[in-house]
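S.K.: Dropping the structure in here first, questions after.
The values are calculated or read from the model by the stated rules, or taken from the named source; none is laboratory data. These numbers were taken from a predicted model, which means no experiment stands behind them. Here Cβ is always computed from backbone atoms with ideal geometry, including for glycine, and neighbour counts include all displayed protein chains.
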Amino acid sequence: MKVAFATLGCRTNQNDTAEMQTLLEQEGFSIVGSQERADIYVVNTCTVTAKSDASSRQAVKKSLAINDGAMVVFTGCYAQNNPEEAARIPGLDVVLGNANKLEIAKVIKAQLNRIHQEDAFGLPLVHMSDITQKWDFKTIPVSDFHGKTKAFIKVQTGCDEACSFCTVVRARGHSISDSRKNILNNVRHSLDAGFREITLTGINLGTYGMDCNPPETFSSLVEDILDLAGDFRVRLSSINPMEIDDRLIELMAERDDLCPHFHIPLQSGDDTILSRMRRNYNARQYREVVGEIVRRIPKVGLGADIIVGFPGETEAMFENTRRMVAELPFTTLHVFSYSSRRGTEAAGSRNDVPKAVKKERNKILTELGNRKALEFRQSFLDQTVNVLVENSREPRTGRLRGHSQNYIPVSFEGDDGWMNRIVPVRILDVSEQQVSGCLT
């Protein structure tokens, strides 16, 4: 039977999808593209914003528009947080919890048997453990990320923070680390499969090892991965500022095989808002971490997430954020308008910011972020960067494409033989639309 996946949200979800695909292939299922006709569609959802919820529901409709007789499995954070609501979405056959994703083959077979026995009565099968309780977390090796040139290696899941706007703790449970031995085995497996870039991911990545006995550090895990044999590089996904220790910065400054790129959520540059968000840092601490990174790692790529329009955010508070963004050397910016999430502390807050004001603040920071990104990319004109070439070309130009070690998107002319290789590319032209170069 053919199975197609639609994956929304974070890189951890990308890893989860790859694991489920691997298990299904082992059971004889065939994986096809999300736009192809399939017997089964799996929607791996996100619930970080109301827009994410809507996109998850829309993915179900799009799947059924291709094959209205297909089985649909709904999993991920939306499914985990709102199983009863999810079960009412027309066309669903299975609602699968985050802690149960590795049971997908068994669950699909059970539902197929229910349908065959005419025992389903049109009701979806809800298979979901209590993720707030201790559960057996262990990732599996993946050799095929279906079209992607990066291998996503999940080192931990869950989060023990208490951010007032976030649903992650409900959706992913408490922070749990995979064993170092298993992580290193998964990395070796991906390298043996031909991947040249390893992206380390987790729900709260930098807390890896804090739950171990004795405790371990994320930076020591990164060092062990870098010391593995092979020609590859390592990239970090999003990591919170207070989990970046001196050794991690030192490694990035010293090692060419650790991409000089941090994505560090900011959320706000105003201390009052950060306190209401229950973030575990203030603006000064964030500046200090970024300052140390920039001082020791020249040309580092620096991304951030920001929420505008958090309840009670005044013009002065927003200005503190705008000023901080203007002053720090960000190279990519993800700006979100605050979206109330059911079950969070902030959902009961008064003083909601008007939608039009949120939209304007979002526009201001997005435009500022775009200008800073352009300035960063222009600083690489006539310089050579190392690009991991993707397995697909730019749809519009037909050129090869990929990302530099600093996470600059680059396109250039070349044949397919360069795909899935890290190659030196000289930057020749930079515009708001693209960065173009040539092989050196």
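S.K.: Could you figure out which of (1) modelled with pLDDT of 95 or more; (2) of a type outside the set (Ser, Thr, Tyr); (3) in contact with a Ser or Thr (Cβ under 7 Å, 6 or more places away or on another chain); (4) surrounded by 22 or more Cβ atoms within 10 Å (Cβ to Cβ) isn't true of residue 173?
M.R.: (1)
S.K.: If only one of 54, 87, 105, 50 is of a type in the set (A, V, I, L, M) and touching a Ser or Thr at 6+ places or on another chain (Cβ under 8 Å), which one is it?
M.R.: On inspection, the qualifying residue turns out to be 50.
S.K.: Look at the stretch 322-374 and say how many of its residues are assigned to a helix (DSSP H, G or I) and either of a type in the set (S, T, N, Q) or in contact with a His (Cβ under 9 Å, 6 or more places away or on another chain) (or both).
M.R.: Residues flagged as assigned to a helix (DSSP H, G or I) and either of a type in the set (S, T, N, Q) or in contact with a His (Cβ under 9 Å, 6 or more places away or on another chain) (or both) within the stretch 322-374 amount to 4.
S.K.: Answer yes or no as to whether residue 255 is over 24 Å from residue 267 (Cβ atoms) and in contact (Cβ under 8 Å) with a residue 12 or more places away in the chain.
M.R.: The answer is yes for residue 255.
S.K.: Which residues, taken from the stretch 106-139, are small (Gly, Ala, Ser) and at pLDDT 85 or above?
M.R.: 110, 129
S.K.: Of the residues that make up the stretch 95-112, is at least one in contact with a strand residue (DSSP E or B) (Cβ under 8 Å, 6 or more places away or on another chain), free of Cβ contacts under 8 Å to residues at least 24 places away in the same chain and small (Gly, Ala, Ser)?
M.R.: Within the stretch 95-112, one or more residues are in contact with a strand residue (DSSP E or B) (Cβ under 8 Å, 6 or more places away or on another chain), free of Cβ contacts under 8 Å to residues at least 24 places away in the same chain and small (Gly, Ala, Ser).
S.K.: Sticking with this structure for a sec: Of the residues 362, 320, only one is outside the structural domain of residue 238 (by TED's automatic domain parsing), within 23 Å of residue 163 (Cα to Cα) and over 24 Å from the mean Cα position of the chain (by Cα); which?
M.R.: 320
S.K.: Within the stretch 1-26, how many residues turn out to be assigned to a loop (DSSP other than H, G, I, E, B) and of a type in the set (A, V, I, L, M)?
M.R.: Qualifying residue count, the stretch 1-26: 2.
S.K.: Identify all residues within the stretch 262-280 that are crowded, with 18+ Cβ neighbours inside 10 Å and out of contact with any strand residue (DSSP E or B) (no Cβ under 9 Å at 6 or more places or on another chain); write none if there are none.
M.R.: Within the stretch 262-280, 270, 276 meet the criteria.
S.K.: Only one of (1) farther than 19 Å from residue 109 by Cβ; (2) out of contact with any Pro (no Cβ under 8 Å at 6 or more places or on another chain) is not met by residue 21, so which one is it?
M.R.: Of (1) farther than 19 Å from residue 109 by Cβ; (2) out of contact with any Pro (no Cβ under 8 Å at 6 or more places or on another chain), only one is false for residue 21: (1).
S.K.: Another question about this same structure. Does the stretch 27-53 hold any residues that are part of a strand (DSSP E or B) and in contact with a helix residue (DSSP H, G or I) (Cβ under 7 Å, 6 or more places away or on another chain), and which are they?
M.R.: 31, 40, 41, 42, 43, 44, 45
S.K.: In this structure, does residue 293 turn out to be in a helix (DSSP H, G or I) and among the aliphatic types (A, V, I, L, M)?
M.R.: Yes; evaluated as a whole, the condition is true for this residue.
S.K.: Hey, can you tell me all the residues within the stretch 33-53 that are among the aliphatic types (A, V, I, L, M) and modelled with pLDDT of 95 or more?
M.R.: 38, 40, 42, 43
S.K.: Here's a follow-up. Taking the options 224, 211, 178, name whichever one is touching a strand residue (DSSP E or B) at 6+ places or on another chain (Cβ under 9 Å) and surrounded by fewer than 16 Cβ atoms within 10 Å (Cβ to Cβ).
M.R.: 211
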